[in-house]
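Before I ask anything, let me first share the structure, which is written out below as structure tokens.
The values are calculated or read from the model by the stated rules, or taken from the named source; none is laboratory data. Because the structure is a prediction, the values reported are computed rather than measured. Accessible surface areas use protein heavy atoms only, side chains included; no ligands, DNA or RNA. Shrake-Rupley method; radii C 1.70, N 1.55, O 1.52, S 1.80 Å.
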Amino acid sequence: MDWLNKRLVFEKFTKESTSLLDELALINNGSDKGNQQENERSVDLKFLPSVDPETVLQTGHELLSELQQRRFNGSDGGVSWSPMDDELLAQPQVMKLLDSLREQYTRYQEVCRQRSKRTQLEEIQQKVMQVVNWLEGPGSEQLRAQWGIGDSIRASQALQQKHEEIESQHSEWFAVYVELNQQIAALLNAGDEEDLVELKSLQQQLSDVCYRQASQLEFRQNLLQAALEFHGVAQDLSQQLDGLLGMLCVDVAPADGASIQQTLKLLEEKLKSVDVGLQGLREKGQGLLDQISNQASWAYGKDVTIENKENVDHIQGVMEDMQLRKQRCEDMVDVRRLKMLQMVQLFKCEEDAAQAVEWLSELLDALLKTHIRLGDDAQETKVLLEKHRKFVDVAQSTYDYGRQLLQATVVLCQSLRCTSRSSGDTLPRLNRVWKQFTIASEERVHRLEMAIAFHSNAEKILQDCPEEPEAINDEEQFDEIEAVGKSLLDRLTVPVVYPDGTEQYFGSPSDMASTAEHIRDRMKLVNLKRQQLRHPEMVTTES
């Protein structure tokens, strides 16, 4: 029984170790061939042995120990007997299998270590590419879209807030960069020679992208800070100019020469303060222009000529505007004596412009209430159309007169550096009334032209034309007259719709009904004429 038990253990060990050796050999040989696709595909199936190598090795050692103990049992003073031949033969077989197992298992452990290292390297590479792809993709796109500097303090502050949000998103990826850099450094210290090149390449790529992105973030932040300072100086200078301009625009009545000298002295002091502020604005502006000129180096292939030109034009425009405003204030000191005359002219223009709006409103009211007839025949309708055109010419002259007055008002206001008291809403009212008049006038013209077409065609049908019987017998001509008549009747019921959505009808309902009735009568005569031509035998003297 003892021999039988040992024999069973030996056969089990032999079977398991042989199978395990085949599996380990397959795994190790597959790894040696460097078949990456096969290695990746065999991770779950072939890469893991069907039995635990440690267990098989332990079983083999225990079996070998038992076989060796049986071999030397006779020398212990106990029962002396010789081992069986197959037991003696089993020992070298077990030892050989154990040696092979240890060798293959050692190679297998090395394969596992290499695979683990490769997996770790691939994970780091994947994370590195995630960071690089985001920084060079969405991250760079965010910065690429942010090139403006704002046109005011508020706009620059809004851009700074947007930039802080972008920096916050970048900070999350920079934190990943720091972690990855530490992991790569640890692998470089403990890694094999063959991995050093790839690890250093990943580390260099990651560092280059992160440092470049961080440098552009810092550059953008400095640019926005410079823009904010520039707009701050510009705003302060603008307020000084506004104060100076306010003094020049305020009506004053000096009592004597001393008062005039005192006023001029105060103006000179304010002008000197403006000079200091303008010089500071130029210095800030030039520094900002120098920074913008370096912006092209961060373009990532993007053509920033247009964006830079807009920023440069804005900065230069602000400085030029401030210079012009200062120059205007200086000039206004010289033209102070002419201001009162200009004010008189301004008030006159405002009054006349308001009157032009009233006249144009009256013309519009007359057009809607009195210009409603469409004529009894083509000749009368043509006369009405000609009168309407003359009426429109009068309205056009009134509108142009009002526009000229308002333009003169604008010129005077610019010259006086003030806001008109009453002409501020005159131009919108003038344009609104003129737009309403234009819409109503066009509708009037359309109706008259349709009426002319209707009457002309109807008169051709109704009058006797024996020399052109084929024209009278043309059914299409009757259909066209009927279609034009119906369209004209439909148009009479459609109101004039203004841009603000309000509706207005020509004349009263009774006026509209009277006009429509005349058109229907004419259409009845035309239809009667058609019946006469179709059935001449049905026409009676009475009809």
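Please report, as a whole percent, how much of the solvent-accessible surface of the range 118-187 comes from carbon and sulfur atoms (probe radius 1.4 Å).
47
Next question. Taking only protein heavy atoms into account and a 1.4 Å probe, give the accessible area per residue of the range 114-237 in Å².
Values: 6370 Å² over 124 residues.
Dividing the accessible area of the range 114-237 by its residue count gives 51 Å².
With θ taken as phi - 60° and the coefficients 6.51, -1.76 and 1.60, list the Karplus ³J(HN,Hα) couplings across the range 438-446 in order, rounded to whole Hz; mark glycine and proline as x.
Once θ is set to phi - 60°, the couplings for the range 438-446 become 4, 5, 5, 5, 4, 5, 4, 5, 4 Hz.
Still on this structure, please answer the following. Determine which lysines satisfy two conditions relative to LYS326: a Cα distance under 29 Å, and not lying fewer than 8 residues away in the same chain.
Of all the lysines, those that pass the test against LYS326 - Cα under 29 Å, at least 8 places apart if same chain - are LYS265, LYS270, LYS272, LYS284, LYS309, LYS339.
Taking θ = phi - 60°, what integer Hz values does the Karplus form 6.51 cos²θ - 1.76 cosθ + 1.60 yield along the range 234-250, in sequence order, with x for Gly and Pro?
So the Karplus estimates, Gly and Pro as x, are 4, 5, 4, 5, 4, 5, 4, 5, 5, x, 5, 5, x, 4, 6, 8, 6 Hz.
Pairs LYS486/LYS529; LYS387/LYS435; LYS6/LYS96; LYS390/LYS524: which exceed 26 Å Cα-Cα?
With Cα atoms farther than 26 Å apart: LYS390/LYS524.
5 Å is the cut-off here: which amide hydrogens, built 1.01 Å from N in the peptide plane, fall below it relative to VAL496, excluding neighbours closer than 5 in sequence?
Those lying under 5 Å, H to H, from VAL496 are GLN504, TYR505, PHE506.
Which cross-chain or sequence-distant (5 or more) residues have an amide H under 5 Å from the amide H of ILE372, H modelled 1.01 Å from N in plane?
none
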